[in-house]
1. Treating the angle as unsigned and between 0 and 90°, give the value, to the nearest 10°, between the Cα long axis of helix 129-143 and the longest Cα principal axis of the chain.
2. Given a Förster radius of 41 Å and the C-beta distance between GLN43 and ASP134 as r, what FRET efficiency does 1/(1 + (r/R0)^6) yield to the nearest 0.05?
3. With the crude spin-label approximation of a point 7 Å out along Cα→Cβ, what separation in nm comes out for SER80 versus ASP127?
4. With +1 assigned to the C-beta of every Lys and Arg and -1 to the C-beta of every Asp and Glu, and no other charges, what is the dipole magnitude of the chain about the Cα centre in debye, to the nearest 20?
5. Of the chain, which part is the longest with no trypsin sites (Lys or Arg not before Pro) in a loop (DSSP not H, G, I, E, B) and with at most 14 other C-beta atoms within 10 angstrom?
6. Run down the lysines and flag those whose C-alpha is under 26 Å from the C-alpha of LYS2, throwing out any fewer than 8 positions away in its chain.
7. Straight distance only, please: which aspartates and glutamates reach the Cα of LYS126 with their own Cα at less than 20 Å, same-chain residues fewer than 8 apart left out?
8. What full-extension length gain, to one decimal in nm, is calculated for SER93 and LYS119 as 0.36 nm per residue of separation minus the Cα-Cα distance?
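Just so it is clear, none of the values below were taken in a lab; they were calculated from the coordinates. Here the structure is a predicted model, which is why all the values come from computation and not from measurement. As a convention, Cβ positions derive from the backbone with ideal geometry for all residues, glycine included, and neighbour counts pool all protein chains shown.
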Amino acid sequence: MKIAVMYQSLRGGTRRAADTIANSFQSLGASVGIYPVTNIDAQFVLDADLLVIGTWTDGLFGIGAKPAQIGKLNALPDISQKKASLFVTYEISPTKSLQQFEEWAQGRGVDLVHKQGFKVRGPFSKDISSEIADFTQRSIEAITPTDVGLG
Ligand SMILES: Cc1cc2nc3c(=O)[nH]c(=O)nc-3n(C[C@H](O)[C@H](O)[C@H](O)COP(=O)(O)O)c2cc1C
């Protein structure tokens with residue numbers, strides 16, 4: 001199982017969330033590549049069974065919140081038909097940025113598996129390991145063949 005985690009971070013919070021996600025998938029036995037969106041390994045990404053893409057929420061703290069620097073994500077190679085889980089970090093609300101992030105992903109033709117927001121407050125980040133475990137669990141369910149049984 002191959003998983004590419006790609007993130008966009010300004011102050012490091014989203015990078016830490018991405019690191020924790022990558023570690024969580026690794027502990028489940030996946031082969032994980034983790035990259036800033038501007039410096040990916042395109043071959044690894046194209047071979048991956050699952051893409052995880054994350055960015056932070058930008059806006060005027062509540063008004064006009066959106067996924068940050070979405071233009072940089074447009075530079076990703078063709079990810080259509082690929083299974084992908086999205087996440088955003090935020091301080092006030094993830095709703096608008098997740099919604100627009102999902103629209104972006106649909107525009108890129110990805111097969112959306114899961115989306116989730118993580119409340120990350122700069123250097124004072126609280127422990128989000130249980131939310132991350134939830135994220136990895138929901139994501140991995142979508143790429144693990146279900147036991148169809150034989151009888
Ligand atoms: C310029 C700026 C604008 C932001 N606007 C919002 C916002 O509108 N809503 C929100 O929930 N969080 C907002 N945030 C909080 C960030 O999304 C949050 O702190 C995030 O974890 C930062 O990720 P980073 O550490 O990877 O840069 C803003 C942060 C910055 C720096």
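1. Relative to the chain, helix 129-143 is tipped by roughly 40 degrees.
2. Working: r = 30 Å, r/R0 = 0.73.
E(calc), rounded to 0.05, equals 0.85.
3. Spacing of the two 7 Å Cα→Cβ label points: 4.5 nm.
4. On the way: 15 positive and 15 negative charges, 100 e Å.
My answer is approximately 480 debye.
5. Longest stretch, sites excluded: 12-120.
6. Excluding near neighbours in sequence, the set is LYS72, LYS82, LYS83, LYS115.
7. By straight Cα distance, LYS126 reaches ASP19, ASP58, GLU91, ASP134.
8. Working it through step by step, the gained length comes to 8.5 nm.
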